[in-house]
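Below: the structure, in structure tokens.
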Amino acid sequence: AAVIGELVRARFPGAISPVPLTLPAHASILTGLEPPHHGVRDNGYVLGSGVPTLAEQLRVHGYRTAAFVSGYPLRAVFGLDRGFERYDDALAESGGQFQDRPAAETVRAALSWLTSEPRSGPFFLWVHFYDPHDPYAPPAVYRRPGPRGDYDGEVASVDAAIGELRRGVTKRAPDALTVFTADHGESLGEHGYYFDHGE
């Protein structure tokens, strides 16, 4: 960790997900518990009302709280919305199925909340991106060549969205603590494993 002014920058290159599935891993991020203790063992489970969440704890201490999610496994119906005064899981539907929200759209929604009214005091803003998930279909401008091209393109599009988000947050709160994390990775052929994740 490096201390810069009053900011602490830390990098954890050996972080390991407690489970390679979206909902249970995010339940761990937002509760600090592993799946056997928070009870969410697979996508489609519901986080029990007796499990405290980070957002609930922060609200008790006077934080404004908002979440903007991009994928179906994190919709409010699965319980991660507890403690958020705004939980935006607005996903388009097509053919009776919810569509993932692109990172750029999620950022626009989050920045709209952040700038919509005068805010004072601390806030907790959780912004989730679903883009680097199979099937990989990045916007054309981010497509890359090669066998990992579409995956790398989705990562590049999320990088651009994060840049826009950081610029917006910095305008609003220059000293904001920013935490970047992931719920899991993709195998992409490492160790001869060609499935995406969770298999």
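The values are calculated or read from the model by the stated rules, or taken from the named source; none is laboratory data. Given the structure is predicted, the values throughout are model-derived calculations rather than measurements. Glycine gets a Cβ as well: all are built from the backbone with ideal geometry, and neighbour counts include every protein chain shown. The accessibility values were calculated without ligands, DNA or RNA, using every heavy atom of the protein model including side chains. Shrake-Rupley method; radii C 1.70, N 1.55, O 1.52, S 1.80 Å.
Some observations on this one:
- The spacing between segment 50-64 and segment 80-116, judged by their C-alpha centroids, is 20 Å.
- The structure shown yields semi-axes √(5λ) of the Cα gyration tensor in Å, and of the options (1) 26, 22, 19; (2) 35, 21, 18; (3) 28, 22, 16 that calculated value carries the label (1).
- Put simply, when 92-98, 153-159, 126-132 are sorted by average Cβ atoms within 10 angstrom per residue, most first, you get 126-132, 153-159, 92-98.
- Sorting the segments 60-71, 39-50 by their residues' average number of neighbouring beta-carbon atoms within 10 angstrom, most packed first, yields 60-71, 39-50.
- For segment 144-187, alpha-carbon Rg and Dmax in angstrom: 13.7, 40
- Kyte-Doolittle mean at least -1.0, axial Cα span of 20 Å or more - DSSP H helices of the chain: 149-172
- Top positive-direction residue, dipole computed over segment 56-199 with Cβ charges, set Ala67, Val127, Gly168: Gly168
- For segment 1-132, the antiparallel share of DSSP beta bridges with both residues in that region comes to about 40%.
- Length added when fully stretched, Phe180-Glu117, from 0.36 nm per residue minus Cα-Cα: 20.1 nm
- Here the label points at Glu34 and Phe12, each 7 Å from Cα along the C-beta direction, are separated by 1.4 nm in the simple model.
- Ordered by solvent-accessible area of protein heavy atoms (1.4 Å probe), largest first, the residues Val107, Val19 come out as Val19, Val107.
- Computed from point charges on the beta carbon alone (+1 for Lys and Arg, -1 for Asp and Glu), the dipole magnitude for segment 55-105 about its Cα centre is near 200 Debye.
- Cβ-placed point charges (K, R +1; D, E -1), dipole of the chain about Cα centre in debye, nearest 20: 740
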